[in-house]
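The values are calculated or read from the model by the stated rules, or taken from the named source; none is laboratory data. Keep in mind the model is a prediction, meaning the values are calculated, not measured. All Cβ positions, even for glycine, are placed from backbone atoms using ideal geometry, and neighbour counts span all protein chains on display. Accessible surface areas use protein heavy atoms only, side chains included; no ligands, DNA or RNA. Shrake-Rupley method; radii C 1.70, N 1.55, O 1.52, S 1.80 Å.
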Amino acid sequence: MQKKKTHSLLLTVLLATLSVLYTVLVKQVDVEQINPNKSEIGFAELNNSVHNFFGVNMIWYHITDLLGIIPVLTALIFAIVGAVQLIKHKNIFKIDKSIIVLGCFYIIVIAVYIFFESFVINYRPILMNGILEPSYPSSHTLMSICLMYAAITECKILIKSQKINRIIRIISYIIIAIIIVGRLISGVHWFTDIIGGILISSALIMLYRYTLIATKIIE
């Protein structure tokens, strides 16, 4: 247990460090004004090449927008579970520990999302309804990975059936894969936005996993 705890902590720190370094590089390396309204973008040559290759596909944009509702719904379901337990026991400390950790994880994920909406790293390659929106990291990538992984983990804790958990895991991974690939080929994000979303969400889910191990909720 101690070895797994240490390993999880080290991996969390490593991924968090990589996320920060990568974000800094996105602001510093090969920066050019290739965005609409002449806003700057890092890794300009790479991003421009990938964007030109895939172009813009609004069908995939709408598909991923619809699929993006599913991770949010899973979070809402577990939030309701926590609320029901709180109402029933009238004591926050009598709520399942895994639900409390999950709630804290949701708060952190939302805080990260708000941070990048407030401190803009990149803007989208295209205007959305005439507006140039923040693009880094891809919020759909971030949310799908974080929320679906959390759903997989929480279901594994609460549901004893391996068959059901296997089905949930497969469906969740399919949703994550479609959202990530679909978001890239839709053309509403730069390639580095997708990679940033993957890196940052990986750091967050490792923090989540470390907390579960440290609190002895999972082994």
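Give the residues of the stretch 85-98 that are open to solvent by 90 Å² or more (accessible area, probe 1.4 Å) and part of a helix (DSSP H, G or I), sorted by residue number. ILE87, LYS88, ILE92, PHE93, LYS94, LYS97 - these are the residues of the stretch 85-98 that are open to solvent by 90 Å² or more (accessible area, probe 1.4 Å) and part of a helix (DSSP H, G or I). With respect to LEU9, is the statement that it is modelled with pLDDT of 95 or more, open to solvent by 60 Å² or more (accessible area, probe 1.4 Å), assigned to a helix (DSSP H, G or I) and within 30 Å of ILE205 (Cβ to Cβ) true? Spelling it out, it is not the case that LEU9 is modelled with pLDDT of 95 or more, open to solvent by 60 Å² or more (accessible area, probe 1.4 Å), assigned to a helix (DSSP H, G or I) and within 30 Å of ILE205 (Cβ to Cβ).
Cβ separations smaller than 8 Å between residues 6+ apart or across chains give the following pairs from the stretch 130-155 residues that are free of Cβ contacts under 8 Å to residues at least 12 places away in the same chain to residues that are surrounded by fewer than 23 Cβ atoms within 10 Å (Cβ to Cβ): GLU133/TYR123; GLU133/ARG124. Among the residues of the stretch 171-185, those identified as over 14 Å from THR74 (Cβ atoms) and touching a helix residue (DSSP H, G or I) at 6+ places or on another chain (Cβ under 8 Å) are ILE178, ILE180, GLY182, ARG183, LEU184, ILE185.
Here ILE80 fulfils each of the conditions (1) under 26 Å from LEU184 (Cα atoms); (2) in a helix (DSSP H, G or I) apart from (1). Scanning the stretch 181-205 for residues that are open to solvent by less than 30 Å² (accessible area, probe 1.4 Å), of a type in the set (A, V, I, L, M) and either farther than 18 Å from SER49 by Cβ or not in a helix (DSSP H, G or I) (or both) yields VAL188, ILE200, ALA203, LEU204, ILE205.
Determine if the stretch 35-43 includes at least one residue that is assigned to a helix (DSSP H, G or I) and at pLDDT 90 or above. No, that holds for no residue.
Applying the set (1) open to solvent by less than 60 Å² (accessible area, probe 1.4 Å); (2) of a type in the set (A, V, I, L, M); (3) over 24 Å from PHE43 (Cα atoms); (4) touching a helix residue (DSSP H, G or I) at 6+ places or on another chain (Cβ under 7 Å) to ILE108 leaves exactly one unmet item: (1). Residue check: is LEU142 surrounded by fewer than 17 Cβ atoms within 10 Å (Cβ to Cβ), in contact with a Ser or Thr (Cβ under 7 Å, 6 or more places away or on another chain) and under 30 Å from ASN48 (Cα atoms)? It is false that LEU142 is surrounded by fewer than 17 Cβ atoms within 10 Å (Cβ to Cβ), in contact with a Ser or Thr (Cβ under 7 Å, 6 or more places away or on another chain) and under 30 Å from ASN48 (Cα atoms). Selection of the stretch 51-76 for residues being touching a Leu at 6+ places or on another chain (Cβ under 8 Å) and not small (Gly, Ala, Ser) yields PHE54, PRO71, VAL72, THR74.
This table checks each residue for (1) open to solvent by 20 Å² or more (accessible area, probe 1.4 Å); (2) in contact (Cβ under 8 Å) with a residue 12 or more places away in the chain; (3) over 16 Å from LEU14 (Cα atoms).
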position	(1), (2), (3)
ILE171	yes, no, yes
ILE175	no, yes, yes
LEU207	yes, yes, no
TYR210	yes, yes, no
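Could you identify the single residue in VAL72, VAL109, VAL120 that is in a loop (DSSP other than H, G, I, E, B), touching a residue at least 12 places away in the same chain (Cβ under 8 Å) and on the phi < 0 side of the Ramachandran plot?
When all the criteria are applied, what remains is VAL120.
Would it be correct to say that LEU102 is modelled with pLDDT under 90 and either surrounded by 20 or more Cβ atoms within 10 Å (Cβ to Cβ) or of a type outside the set (Lys, Arg) (or both)? So LEU102 does not fit the description; no.
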